[in-house]
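Shown next, in structure tokens, is the structure this report addresses.
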Amino acid sequence: MWENQALVTLLSDFGDRDVYVGVMKGVIAQINPKLRVVDLTHEIPAQNLAAARFCFMNAYPYFPEGTVHIAVVDPGVGSQRRAIAVEFAGGFLVGPDNGIFSGVLAQTPAIAAVELTNPQYWRTPEPSKTFHGRDIFAPVGAYLASGVSLQELGQAIDTATLTQLSLKLCHSTTTGVAGCIQYIDHFGNLVSNIPGSYVQGKKWCVQAGELIIPGCETYSDVACGEAAALVGSHGWVEIAINSGNAQSQLQINLQDSLEVIHD
């Protein structure tokens, strides 16, 4: 029936204990069983929009052009927040308009966006107030991946009105660059919002509160249990503990400030 067979990705804070993720995949398969679905992660901390933003921002470049990315981290589900689909150079984004796509769109600006107002492409014209992932986002993503145009899904909206997360920006100082922790991964590594390009070719360290942490190339440049600052595979400056958990050991959390100091 469907000629188009784009890839679909899923990201959520649903975890794997409940059936929510499987149900979304079932809805997608009912529309087009030939679609390939990739799970980015379903272990986003509950309702943590900053973590969802970071993970999406660092995942999308590894997928082919035309991929449909569905996100369901949605503390405002059932409220007046918009349900949206966005076209950008890499494909499409489908989910709530709450800022989770703002990292991607800061790197690759939106081409067009719609509010998902056409119930023809929902699972039901009377969606659940608590599970738009099943009733709106999964079916819309499946139809997009199968060749339905963005314009058919709803009313066009100005891309400048898409919600931005309120996050601290990095900025230059007299001694280096100041920023904050934007993400904490499974290992407790503290990922800053300072791009690794700021430290390339320099001798540097990180100051976080009273701590001075040396800039390194790898985790093993310091002894087990010691802190190191380095550029992670994601391209951002991070703080880690060799064979340990930096968040718990250093008591540094999301949005906490730090500064990269270089010669």
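We did not get these values from a lab; they are worked out from the coordinates using the rules stated. Remember, it's a predicted structure, so these values are computed and weren't measured experimentally. Every residue, glycine among them, receives a Cβ derived from its backbone with ideal geometry; neighbour counts consider all protein chains shown.
Dipole magnitude for the chain: about 400 debye, using +1 per Lys or Arg Cβ and -1 per Asp or Glu Cβ, origin at the Cα centre. When +1 charges are put on Lys and Arg Cβ atoms and -1 charges on Asp and Glu Cβ atoms, the dipole computed for region 171-262 relative to its Cα centre reaches about 180 debye. Counting neighbouring Cβ atoms within 10 Å and putting the fewest first, the residues C224, C216 line up as C224, C216.
Of M57, M24, the sequence from fewest to most neighbouring Cβ atoms within 10 angstrom is M57, M24. For S257, S197, the sequence from fewest to most other C-beta atoms within 10 Å is S197, S257. When the Cα positions of N98, I184, S248 are compared along the charge dipole of the chain, N98 comes out farthest toward the positive end, with charges on each C-beta of Lys, Arg, Asp and Glu. Rounded to the nearest 5, what is the percent of antiparallel bridges among the DSSP beta bridges in region 8-161? If I count the DSSP bridges inside region 8-161, around 50 percent turn out antiparallel. (1) 21.1; (2) 19.6; (3) 18.0: which one is Kirkwood radius over Cα pairs in Å as calculated from this entry? Checked against the structure: label (2). Region 62-80 and region 129-198 have Cα centres spaced 9 Å apart.
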